[in-house]
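Have a look at the structure below, then the notes.
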Amino acid sequence: MTKTALITGAARGIGLATARLFLDQGWNVALLDKDGPGQAAAAAALDTPDRVLAVTADVADDRQITQAMAEVQDRVGTLHALVNNAGEAVFKPLLDTSPQEWSRVLDVNLTGPFLCTRATIPLMTDGGAIVNIASISGLRASTLRVAYGTSKAALMHLTKQMAAEFAGLGIRANCIAPGPVDTAMAKAVHSPEIRADYHDAIPLGRYGLEEEVAQAIWFLCSDQASYITGQTLAVDGGFDATGIGLKTLRDDEGA
């Protein structure tokens with residue numbers, strides 16, 4: 001039986017890299033993103049478009065998620081993995097973060113996984129795995145991340161709640177906390193000074209790759225992780241282990 005994974009925030013970055021890896025492993029994938037055109041382009045560019053379903057929805061909108069899951073159920077039926085990857089970031093000091101910005105970040109990063117999980121569990125009739133994508137910013141505080149870091153820390157606890165509640169259904173729930181990853185966003189907003197600081201602060205001395213995060217997601221969804229649930233795995237090159245901070249802190253910094 002071919003398994004199917006639903007990946008949110010899949011039009012680019014870690015989500016798209018994860019979709020490619022699942023396809024390489026023989027799975028089908030359902031891609032969900034609020035960027036309809038970007039989503040369609042990403043799906044068409046994959047090597048096996050016949051094994052890809054693309055649906056458009058904002059993960060923070062319960063009505064849109066309900067409609068999207070109805071389409072997934074109609075086209076796919078059973079799901080075996082959910083990767084809650086969609087995210088929103090605002091990098092500002094607390095006093096400069098508006099209530100609207102705070103709410104939007106928490107709506108996407110915390111309420112989004114809650115809504116997607118509620119809608120997906122009825123489709124995971126054969127058990128399966130949930131992987132929530134948090135951030136190293138949920139493990140260690142720093143400036144400019146009051147909304148982002150708080151949402152990711154809460155997502156880690158939500159993961160534990162999921163693990164406790166869904167174990168009886170044969171569903172595992174784990175969390176990935178990426179450190180600095182060489183995504184398109186990082187390439188666009190990280191100055192040479194910020195990149196140099198990260199290289200100094202990360203024991204492995206480099207940014208992570210989207211594909212390396214995807215490998216960790218794949219592992220937690222696979223049978224190799226059959227006795228792992230309720231855990232957060234930092235994929236960060238040792239950044240959290242050392243506790244070393246950054247010398248350069250600017251409004252355009254983000255991990």
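The values are calculated or read from the model by the stated rules, or taken from the named source; none is laboratory data. If you're wondering where the values come from, they're calculated on a predicted model, not measured in any experiment. Ideal geometry is used to build each Cβ from the backbone, glycine not excepted, and the neighbour counts take in all protein chains shown. Ligands, DNA and RNA are excluded from the accessible area calculation, which covers all protein heavy atoms including side chains. Shrake-Rupley method; radii C 1.70, N 1.55, O 1.52, S 1.80 Å.
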Could you please let me know if ARG51 is at pLDDT below 95, open to solvent by 30 Å² or more (accessible area, probe 1.4 Å) and over 30 Å from ALA147 (Cβ atoms)? yes
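Residues checked against (1) within 16 Å of the chain's Cα centre (by Cα); (2) closer than 27 Å to PHE219 by Cβ:
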site	(1), (2)
GLY13	yes, yes
ASP24	no, yes
LEU31	yes, yes
ALA42	no, yes
VAL59	yes, yes
ASP62	no, no
ILE65	no, yes
Hits in region 77-125 (condition: touching a residue at least 60 places away in the same chain (Cβ under 8 Å), within 22 Å of PRO180 (Cα to Cα) and of a type in the set (S, T, N, Q)): ASN84, ASN85
Any hit, region 243-251, residues being open to solvent by 60 Å² or more (accessible area, probe 1.4 Å), under 30 Å from MET162 (Cα atoms) and either modelled with pLDDT of 90 or more or more than 19 Å from the chain's Cα centre (by Cα) (or both): no
Residues of region 199-221 being among the acidic types (Asp, Glu), closer than 17 Å to MET185 by Cβ and out of contact with any Ser or Thr (no Cβ under 7 Å at 6 or more places or on another chain), which ones? GLU211, GLU212
Do you know which residues across region 3-32 are in a loop (DSSP other than H, G, I, E, B) and polar (S, T, N, Q)? GLN25
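From GLY127, GLY149, grab the single residue that is modelled with pLDDT of 95 or more and at positive phi.
On the way: GLY149 fails: at positive phi.
Result of the check over GLY127, GLY149: GLY127.
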What are the pairs with Cβ atoms under 8 angstrom where one residue, in region 189-205, is on the phi > 0 side of the Ramachandran plot and the other, located anywhere, is surrounded by 14 or more Cβ atoms within 10 Å (Cβ to Cβ)? Sequence gap at least six, or different chains. GLY205/HIS199; GLY205/GLY237
Collect the residues in region 33-58 that are part of a loop (DSSP other than H, G, I, E, B), closer than 19 Å to ALA17 by Cα and either in contact (Cβ under 8 Å) with a residue 60 or more places away in the chain or not charged (D, E, K, R) (or both), keeping them in residue-number order. LEU46, THR48
When residues of region 195-207 are limited to those that are in contact with a helix residue (DSSP H, G or I) (Cβ under 9 Å, 6 or more places away or on another chain) and open to solvent by less than 40 Å² (accessible area, probe 1.4 Å), the one nearest to ALA86 (Cα to Cα): TYR207
Every residue from region 74-107 that is small (Gly, Ala, Ser) and more than 21 Å from ASN132 (Cβ to Cβ): GLY77, SER98
Is it the case that some residue within region 186-199 is assigned to a helix (DSSP H, G or I), among the aromatic types (Phe, Trp, Tyr) and closer than 24 Å to MET124 by Cβ? no
